[in-house]
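These notes concern the structure reproduced below.
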Amino acid sequence: MTAIELEGLGKTHARGVVGLHALHLRIEPGELLVVLGPSGSGKSTLLRLIAGLDQPTTGHVRIGGQDVTGLPPHVRGVGLVFQTPALLPHLSVAENLAFPLRAGRVAAAAVAERVGELARRLELEPLLSRRPGTLSGGERQRAALGRAIARKPRVLLLDEPFSSLDPPLRAALREELIRTHLELGATTILVTHDQEEAMAVADRIAVLDHGRLLQCGPPRTLYNRPLDCFVARFIGSPRINFLNCRLRPLEHGVHVEVLETDPPLAWHAPLREDAPRDAIPAHATLGLRPEHVRIVLDPLGTNGAPSLAAVVERVEYAGNDQVAWLRAGTLRLCARMPAATSLSPSAEVQAALDVRQGIWFDQGGRAFEL
Ligand code: ADP
Ligand code: MG
């Protein structure tokens with residue numbers, strides 16, 4: 001299996017547009033890395049540099065220990081899948097699958113065998129004689145995946161391959177991709193702007209914004225320990241709540257006051273033994289996941305957590321759980337709870353904040369610990 005190492009890899013486009021700020025990243029052999037970010041964040045730029053479709057302005061790409069910077073795509077041993085399937089329109093599905101094998105001078109009998117194998121594997125058998133133009137979006141994307149893996153590449157690179165498909169099809173192809181990835185043992189990089197897709201499939205997620213790598217880690221780490229408020233907001237649905245707070249060091253701990261609430265909501269937060277007290281910012285933002293906002297119908301049921309009176313604006317039922325949108329003065333909060341809790345719009349409730357589960361961000365958006 002093959003590691004991919006990116007060393008100071010960066011790309012500046014014409015007229016000084018930075019597509020990718022120099023980044024360092026090692027993708028482990030057999031890993032499935034998801035590159036996640038909004039539109040224009042540099043995801044395709046990164047993938048194209050790894051594939052060899054573009055050349056970097058700075059840095060190196062190493063695949064399986066070999067420096068491939070400057071080498072053309074076809075010698076890098078990578079399979080590529082794009083949002084628009086790269087199939088040859090005048091060839092049948094079978095011929096499309098065979099094309100990369102023939103180009104690689106594979107013997108005719110072996111080509112036929114591999115095409116049969118791919119067709120069985122990806123359920124393309126009934127489609128083999130059809131042309132791409134006659135296939136549905138999902139079928140076309142399965143054929144493109146087959147084409148990309150025909151030569152058993154050591155690296156599989158996919159750029160938003162499912163984003164033009166409807167959700168059920170997307171989920172099915174996602175399963176297909178994971179199975180293929182595991183069977184092939186190929187080191188795989190999947191680009192997406194869909195955080196849910198990223199969370200579902202990734203060994204690790206690399207989050208990009210404005211061409212910068214903000215954080216790379218397992219889904220759980222990004223969800224629970226985001227290094228930056230952009231990552232915190234981008235990962236998790238519904239998105240994390242942010243509360244603007246004033247912090248004041250006390251003899252033992254920190255006095256926290258939420259700025260948007262009336263009457264003011266304040267509590268006393270403990271401070272780590274070794275925390276440098278003079279490093280506590282005067283203003284900071286507390287990120288609180290919706291599951292850490294609890295609706296309590298009995299005011300005594302807050303278990304000592306800071307709580308505030310709120311009005312239910314809207315309830316989103318999701319089968320096993322539900323999401324309530326709350327308003328408390330100018331503050332809006334999202335709470336997630338079991339569906340068994342009976343809630344109706346305009347109900348007046350008490351919202352308890354499990355602030356110890358919260359994540360602190362300084363004015364620059366960087367996470368810090370109290
Ligand atoms: P993403 O795939 O995340 O949507 P891209 O990697 O395509 O983002 O683009 C990143 C940035 O680089 C964007 O600002 C985009 O406009 C710019 N860019 C991409 N390709 C080119 C190019 N060939 N010439 C100039 N700018 C480009
Ligand atoms: Mg793109």
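The values are calculated or read from the model by the stated rules, or taken from the named source; none is laboratory data. Since we're looking at a predicted model, the values are computed, not measured. In this analysis, Cβ positions are derived from the backbone assuming ideal geometry, glycine residues included, and neighbour counts consider all displayed protein chains.
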Item to check | Counted residues, segment 155-182 - those being of a type outside the set (G, A, S), in contact (Cβ under 8 Å) with a residue 12 or more places away in the chain and more than 16 Å from ligand 1 (Cβ to nearest atom) | outcome: 12
Next on the checklist: Can you find a residue that is within 24 Å of the chain's Cα centre (by Cα), outside any loop (DSSP other than H, G, I, E, B) and surrounded by 11 or more Cβ atoms within 10 Å (Cβ to Cβ) anywhere in segment 294-315?
Outcome noted: no
Checklist entry - Of all the strands (runs of 3 or more DSSP E) wholly in segment 1-58, which have at least 2 residues that are within 12 Å of G211 (Cβ to Cβ)? => result 4-12, 18-27
Next on the checklist: Of the residues V68, V75, only one is of a type in the set (V, I, T), at pLDDT 95 or above, more than 16 Å from ligand 2 (Cβ to nearest atom) and over 22 Å from the mean Cα position of the chain (by Cα); which?
Outcome noted: V68
Next on the checklist: Given the criteria within 14 Å of ligand 1 (Cβ to nearest atom) and either buried (at least 18 other Cβ atoms within 10 Å of the Cβ) or without any contact (Cβ under 8 Å) to a residue 24 or more places away in the chain (or both), does G70 qualify?
Outcome noted: no
Next on the checklist: Among the residues of segment 211-232, what is the count of those that are over 28 Å from T58 (Cβ atoms) and within 16 Å of ligand 2 (Cβ to nearest atom)?
Outcome noted: 0
Item to check | Test: P85 is over 28 Å from T12 (Cβ atoms), within 23 Å of the chain's Cα centre (by Cα), away from ligand 1 (no atom under 16 Å from the Cβ) and in contact (Cβ under 8 Å) with a residue 40 or more places away in the chain | outcome: yes
Checklist entry - Of all residues in segment 329-353, which are outside any strand (DSSP E or B) and among the hydrophobic types (A, V, I, L, M, F, W, C)? => result A339, A340, L343, A347
Checklist entry - Could you give every pair whose Cβ atoms fall below 8 Å, whose first residue belongs to segment 255-282 and is assigned to a loop (DSSP other than H, G, I, E, B), and whose second residue is of a type in the set (D, E, K, R), counting only separations of at least 6 or pairs across chains? => result L259/R246; P264/E257; L271/R277; R272/E369; A275/E369; P281/D362; A282/R246; A282/R248
Next on the checklist: Can you find a residue that is at pLDDT below 90, assigned by TED's automatic domain parsing to the domain that holds P73 and acidic (D, E) anywhere in segment 141-164?
Outcome noted: no
Checklist outcome for this item: Filtering helices (runs of 4 or more DSSP H) wholly in segment 95-210 for at least 3 residues that are surrounded by fewer than 16 Cβ atoms within 10 Å (Cβ to Cβ) and away from ligand 2 (no atom under 16 Å from the Cβ) gives 108-121, 167-184
Checklist entry - Filtering segment 234-252 down to residues that are touching a strand residue (DSSP E or B) at 6+ places or on another chain (Cβ under 6 Å) and charged (D, E, K, R), which residue is surrounded by the fewest Cβ atoms within 10 Å (Cβ to Cβ)? => result R248
Next on the checklist: Just the residues that are within 15 Å of ligand 1 (Cβ to nearest atom) and either polar (S, T, N, Q) or modelled with pLDDT of 95 or more (or both), please, taken from segment 1-17.
Outcome noted: L6, L9, G10, K11, T12
